[in-house]
Amino acid sequence: MKNYQRLQGLVAATFTPMLPDGDIHYAVIDQYAQHIAGAGISGVFVCGTTGEFTSLTTEERKLILEHWIRAAEGRFKVIAHVGSDNQRESVELSRHAAESGAWGVGSIAPSFFKPSSVRDLIDFFKPVAAAAAELPFYYYNMPAMTGVSLSVAQFLQEGKQEIPNLAGVKYTHNNLMEMGDCIHLDNGAFEVLHGYDEILICGLALGAVAGVGSTYNYLASVYLNIMKAMEEGDLVSARVFQMQSIEVVKVIIKYGGGVRGGKAIMNLIGIECGECRLPIAPFGKEEYDSLRKDLEGIGFRGK
């Protein structure tokens, strides 16, 4: 793999900016990238769950990635999410990511027709990873969305034998026993990117050194403080900062979760991401006023 170094720090799962008519607002990505670069974030994960990938066309996903790569200007890593229920689409997106200059690729498991075994999952991902053979490939494990609950450790061990560029897993699950197992598998052979923002402290305690999350977009300083406190062995401070994260997550859950509520927060802090595509309902003015009040109530400042 070319220029491969393990990820460290925060990787923001980016929102997809949209115009009032639902078209992609590509121009916002330049401003968005400036915001990311200034927040101390190490990379972005483009067109994942937070980016509403299932609501985007293949061509839109390609153009969004190209805009992010240009806007990044080498200041942070750009990882392309290439997952799809259609293996051939995933292969096409993976090849495009490599040709466009992405730093890495990741893919969620297919979730309509689900793999019933680790063998099935490996067979699905092999050509996807091979299409970007010089880039690190990450399995995006998110059972809550996919319904795929296969052994991640088994996938990593057996998959590495057939997928040479398998670097690790974006672990978006709260099974901390399995997460710890993956972190220490084969003497730490694989990267395990922590995926649940509200329990980052737990992943760090187990040995994770990087995370991918949606709230990093507007709360990076809190998570950087968690990481710093954990590095210094200051568990008391780490807990305080993690509770700040939890308070924000409780608010976004009230407004429909990380995609809908988080996108609204981006609008409030001045990054015009617009509304989500249906079936995720748009925000109304009264809802924005209520969200603003709730955030003020917990001292949120959007850093």
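Since every read-out is calculated from the coordinates, none of them should be taken as a lab result. All figures in this text were calculated on a predicted structure; none of them were measured in a lab. Because the Cβ atoms are built from the backbone with ideal geometry, glycine has one as well, and the counts that use them run over all protein chains shown.
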Handout entry: Which labelled figure in [x] 153; [y] 224; [z] 118 is volume of the Cα convex hull per residue in Å³, once derived from the coordinates
Key = [z]
Completion exercise
FRET efficiency for residue 239 and residue 8 from the Cβ-Cβ distance with R0 = 25 Å, rounded to 0.05, comes out at 0.70
Handout entry: Total charge dipole magnitude, segment 9-297, about the Cα centre, Cβ charges on Lys, Arg, Asp, Glu only, Debye to nearest 20
Key = 100
Handout entry: Within a Gaussian network of the chain (alpha carbon springs, distance under 10 Å), most fluctuating of 278, 19, 65
Key = 278
Exercise for the section: Over 19 Å, how big is the tail of the calculated P(r) for segment 1-71, in percent of all Cα pairs? Expected result: 35
Practice task
Answer rounded, prolate or oblate for segment 93-243, using the Cα gyration tensor with square roots of eigenvalues a ≥ b ≥ c: rounded when a/c is under 1.5, else prolate when a/b is larger than b/c, else oblate.
Solution key: prolate
Fill in the blank from the handout: Between residue 176 and residue 281, the FRET efficiency computed from the C-beta separation at R0 = 30 Å comes out, to the nearest 0.05, as 0.35
Exercise for the section: Quick one: compute the contact order of the chain, relative version, from alpha carbon pairs under 8 angstrom and 6+ residues apart, as a percent. Expected result: 19
Exercise for the section: Report the residue, chosen from 139, 223, 288, that carries the largest GNM mean-square fluctuation when the chain is represented by alpha-carbon nodes joined by springs under 10 Å. Expected result: 288
Fill in the blank from the handout: In segment 1-36, the chymotrypsin sites (Phe, Trp or Tyr not before Pro) that sit in a DSSP loop and have at most 16 other Cβ atoms within 10 Å of their own Cβ are 4
Practice task
Report the trypsin sites (Lys or Arg not before Pro) located in segment 1-110 that are in a DSSP loop and have at most 15 other Cβ atoms inside 10 Å of their Cβ, or state none.
Solution key: 2, 6, 75
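For the chain, what are the DSSP H helices with axial Cα length of 27 Å or more and mean Kyte-Doolittle hydropathy of at least -1.0?
Going by DSSP H runs, the hits are 235-254.
How many percent of DSSP beta bridges within the chain run antiparallel, rounded to 5?
Taking every DSSP beta bridge with both residues in the chain, the antiparallel ones total about 5 percent.
Given the DSSP H assignment, sum -39500 (n - 2.57) over each helix run of at least 4 residues in the chain and divide by its residue total; what's the result at 222 nm in deg cm²/dmol, nearest 500?
-14000 deg cm²/dmol
DSSP loop chymotrypsin sites (Phe, Trp or Tyr not before Pro) in segment 46-116 with at most 14 other Cβ atoms within 10 Å of their Cβ, which ones?
112, 113
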Fill in the blank from the handout: Of the residues 90, 148, 26, the Cα lying farthest along the dipole of the chain towards its positive end, which is defined by charges on the beta carbon of Lys, Arg, Asp and Glu, belongs to 26
